[in-house]
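The structure under discussion appears below in the form of structure tokens.
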Amino acid sequence: MFRLPAPSLRGKSDVDNIGVCVRAGGEAFLLFFFFLFLFSCTQRERSKDASLSALKYALRTTPVKDQGKVEACWIYAYLACIETERIENYRDSMNLSPIWLVRNLLQEQASESYLSQGTMPVSVRGIGPDAERLLKEYGMVQWSTYCPDNLNSRALARLVRQKVSIAIKHRKGLNTLNEEVDKALPFIPHNLRKGFYLYSAHYTPKQFGESLLYGIKFTWLTSYIHHPYGKPFVLEVPDNHRRHALMNVPLDDMYSQVVEALKKHHPVYWEGAMSGKRKPSIDGDVTTLRQRSFERFHTTDQHAMAIVGMTKTKQGDIRFICKNSWGKEWGNNGYCLMSKEEFLINTILVGIVGKN
């Protein structure tokens, strides 16, 4: 097992600190200076919320990324959680490459689609647990070593499907197909597959991925009443191509586990529906409303973000601070707030980050 060394946060310029860590009397205090103007998680235009009070918990993060036309928010959100977990609890700053996993996913799907004679889908859409699977399978590299820009995931998937279709027609075999797909996907710098140096240590992508996950555990939860609580079930959403099973728990339990994780300085993976300008209102039993919204397809696995903190309004209402992947021009420098009502109704699944 390769384990990352534990240097001081020498890469502080690489870390987009929401707060400033100050040492006093041997203890670390997080001083948070946030704008008075915070933005609704569901608006692209800026809006003022005068009801916000001082932030209660805020975790440090890496810079906000912009996924652009790459439909892989679930990968961006998953890696954002790992980046924050490494900073908060392992004292190292890692800026990771989502495109590395996107590329490996498309190459993997090309082989599967070929062998199934075109029946297996080629798409970069997925859910959080599959990002974890990809990281364990293909490892990881740093953002600085692999960050191709101006990508369009639909165009890449279409290109891969075309090559698969031709390979099937001419029965080219896997080796020829893999070589052609590899050339068609974003270029990988020379020898990156073989490894790179970080903090004077050499890592292959696989070793680096193992090191990132050392001591980190994701607990994947959902909450719906069409399956019994306390048992995992395969979540029936369009992007769960790999049929990942998640533990089904009562809604209050899922919410409280998110709050407790943040209090212990662990980020949380969030996946669900964005509210838009219509704020959800809870008029009746929230569990019933949530189930009805899911069954009528109002709540879907539309988007994913990393929850990296929480605050309270003057009225005492909790707001989760979410790190998005739509660039710094969106929301409040790439961040937004999510109300408890939005969370309870719109959440499809969460990944509770903790120590293994």
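The values are calculated or read from the model by the stated rules, or taken from the named source; none is laboratory data. Only a predicted model underlies this, so the values are computations on that prediction, with no experimental measurement involved. Counting neighbours? That spans all protein chains shown, and the Cβs are built from the backbone with ideal geometry, glycine included. The protein model used for the area step is the full one, side chains on, heavy atoms only, and it has no ligands, DNA or RNA in it. Shrake-Rupley method; radii C 1.70, N 1.55, O 1.52, S 1.80 Å.
Looking at L198, I216, N178, which one has the Cα that reaches farthest to the positive end of the dipole of region 148-217 (charges on Cβ: Lys, Arg +1; Asp, Glu -1)?
Sorting the options by dipole projection puts first N178.
For L337, L174, what's the largest-to-smallest order of accessible area, 1.4 Å probe? Provide the component values of the computation, followed by the final result.
On the way: L337 15, L174 60 Å².
These residues rank, largest area first, as L174, L337.
Where only protein heavy atoms count, and the probe is 1.4 Å, what is the accessible area per residue for region 154-229 in Å²?
Computed with neighbouring chains in place, this is 58 Å² per residue.
What percentages, rounded to whole numbers, describe P(r) for region 291-356 computed over all alpha carbon pairs with 10 Å bin width beginning at zero?
For region 291-356, the pair-distance distribution reads 18, 44, 33, 5.
Show me, bin by bin at 10 Å from 0, the whole-percent P(r) of region 140-277 based on Cα pairs.
That works out to 9, 22, 28, 27, 14, 1, in percent per bin.
Any lysines with Cα under 25 Å of the K355 Cα? List them, leaving off those in the same chain fewer than 8 positions away.
K12, K56, K136, K206, K217, K231, K263, K264, K323
Please give the length that would be gained between K183 and I225 if that part of the chain were fully extended, namely 0.36 nm times their separation in residues minus their C-alpha to C-alpha distance (nm, one decimal).
Additional length available on full extension: 10.5 nm.
Could you please report the charge total around L246, scoring K, R as +1 and D, E as -1 over all other residues with beta-carbon less than 14 angstrom from its beta-carbon?
Computed value for this residue: -3.
From the alpha carbon gyration tensor of region 67-162, can you work out the equivalent ellipsoid semi-axes (sqrt of 5 times each eigenvalue) and give them in Å, largest to smallest?
26, 14, 11
Report, as a whole number in µm² per second, the diffusion coefficient that Stokes-Einstein gives for region 107-153 at 10 °C and 1.306 mPa s using the Kirkwood radius over alpha carbon pairs.
Rounded to a whole number, D works out at 125 µm²/s.
If I take all pairs of Cα atoms in region 126-183, what percentage of them are more than 17 Å from each other?
Of the Cα pairs, 60 percent sit more than 17 Å apart.
Classify region 65-111 from the C-alpha gyration tensor, please: rounded if a/c falls under 1.5, else prolate or oblate depending on whether a/b exceeds b/c.
Prolate, since a/c reaches 1.5 and a/b exceeds b/c.
Restricting attention to region 205-268, which GluC sites (Glu not before Pro) occupy a DSSP loop and are surrounded by at most 16 other Cβ atoms within 10 Å? Write out the running numbers ahead of the final one.
Values: sites: E210, E236, E260; in loops: E236.
When the GluC sites (Glu not before Pro) of region 205-268 are filtered for loop state and at most 16 Cβ neighbours within 10 Å, E236 remain.
Within straight cross-link reach of K328, meaning Cα distance under 18 Å, which aspartates and glutamates are found once same-chain residues fewer than 8 apart are removed?
D14, D16, E45, D66, E71, E83, D149
Summing +1 for each Lys or Arg and -1 for each Asp or Glu, what net charge is found among the other residues whose Cβ lies under 12 Å from the Cβ of I348?
Within the 12 Å Cβ shell, the charges total -3.
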